[in-house]
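So the structure is just underneath, and the comments pick up after that.
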Amino acid sequence: MDVRIQKIRKFREFLLKQIEGLSAEQLNKIPEGYSNNIIWNIGHLICSQQSLCYFRSGLTIKVDDKYYSPYKTFTKPDGFIDEQEIAIIKNLLLTTIDDWQLDYANNIFNNYSASEGILKVYGVELSTIEDAIEFLLYHEGFHSGYIISLIHLVK
């Protein structure tokens, strides 16, 4: 079991506890001056992990496109996410980690291609799955902080 992936799982478990009890309206609310909301950020974490690990390795992502494309970098929430969809997104937040941990242990991320685009904004280049995991630790922490800030604004 990779310790780094377990740390990402802990971030996600923490986030799920933090948003527990928030309504669909609160999870969808975009506070004034912000461009996204809590549920978009949760979906973005799923999308980023799928993109940086599976897509960049030439593998099929493990989630339906409706839980991927709307949450890509530079997108914004484009509608209300209802309770049923929220439950699915919350579930995916952890099940994608379980799949990833197993796939990583089985060494399926062999054909990794270097990243371009948004990662240059962060000043990093990811050339291996190891680079992606290290970056995702940072990325999860960054968005966790953003989500915590949003929680305070929607309560």
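The values are calculated or read from the model by the stated rules, or taken from the named source; none is laboratory data. Fair warning: this is a prediction, and the values are worked out from it, not measured in the lab. Heads up, the Cβs are rebuilt from the backbone with ideal geometry, glycines too, and the neighbour counts pull from every protein chain shown.
Remark: pairs (first residue in segment 82-101, closer than 16 Å to residue 54 by Cβ and without any contact (Cβ under 8 Å) to a residue 12 or more places away in the chain; second residue outside any helix (DSSP H, G or I) and among the acidic types (Asp, Glu); Cβ separation under 9 Å; 6+ apart in sequence or on different chains) are absent.
Within segment 131-155, the residues that satisfy the criterion of being under 19 Å from residue 97 (Cβ atoms) and surrounded by 14 or more Cβ atoms within 10 Å (Cβ to Cβ) are 131, 132, 133, 134, 135, 136, 137, 139, 140, 143, 144, 147. Quick check, is residue 103 surrounded by 13 or more Cβ atoms within 10 Å (Cβ to Cβ), more than 25 Å from residue 17 (Cβ to Cβ) and modelled with pLDDT of 95 or more? Criteria met by residue 103. Given the criteria farther than 13 Å from residue 89 by Cβ and part of a helix (DSSP H, G or I), does residue 8 qualify? It is true that residue 8 is farther than 13 Å from residue 89 by Cβ and part of a helix (DSSP H, G or I).
Listed conditions (1) in a loop (DSSP other than H, G, I, E, B); (2) touching a residue at least 40 places away in the same chain (Cβ under 8 Å); (3) of a type outside the set (Val, Ile, Thr) are all met by residue 44, apart from (1). Against the conditions (1) closer than 20 Å to residue 141 by Cβ; (2) part of a loop (DSSP other than H, G, I, E, B), residue 76 satisfies every one except (1). A residue that is more than 19 Å from residue 128 (Cα to Cα) and not aliphatic (A, V, I, L, M) occurs nowhere in segment 49-58.
Taking residue 30 as the residue in question, decide whether it is surrounded by fewer than 19 Cβ atoms within 10 Å (Cβ to Cβ), within 20 Å of residue 67 (Cα to Cα) and of a type in the set (Val, Ile, Thr). Taking the combined requirement at face value, the residue satisfies it. Restricting segment 58-74 to residues that are modelled with pLDDT of 95 or more and of a type in the set (Ser, Thr, Tyr), which is surrounded by the fewest Cβ atoms within 10 Å (Cβ to Cβ)? Looking at the filtered set, the residue picked out is 60.
Evaluation of residue 84 against the conditions (1) more than 15 Å from the chain's Cα centre (by Cα); (2) on the phi > 0 side of the Ramachandran plot shows that the sole unmet condition is (2). Apart from one condition, residue 53 fits all of (1) part of a helix (DSSP H, G or I); (2) in contact with a Pro (Cβ under 8 Å, 6 or more places away or on another chain); the exception is (2). Among the residues of segment 1-56, the one identified as over 22 Å from residue 75 (Cβ atoms) and within 12 Å of the chain's Cα centre (by Cα) is 9. Beta carbons closer than 6 Å, at least 6 apart along the sequence or on distinct chains, never pair a first residue in segment 142-155 that is in contact (Cβ under 8 Å) with a residue 40 or more places away in the chain and part of a helix (DSSP H, G or I) with a second that is surrounded by 15 or more Cβ atoms within 10 Å (Cβ to Cβ) and among the hydroxyl-bearing types (Ser, Thr, Tyr).
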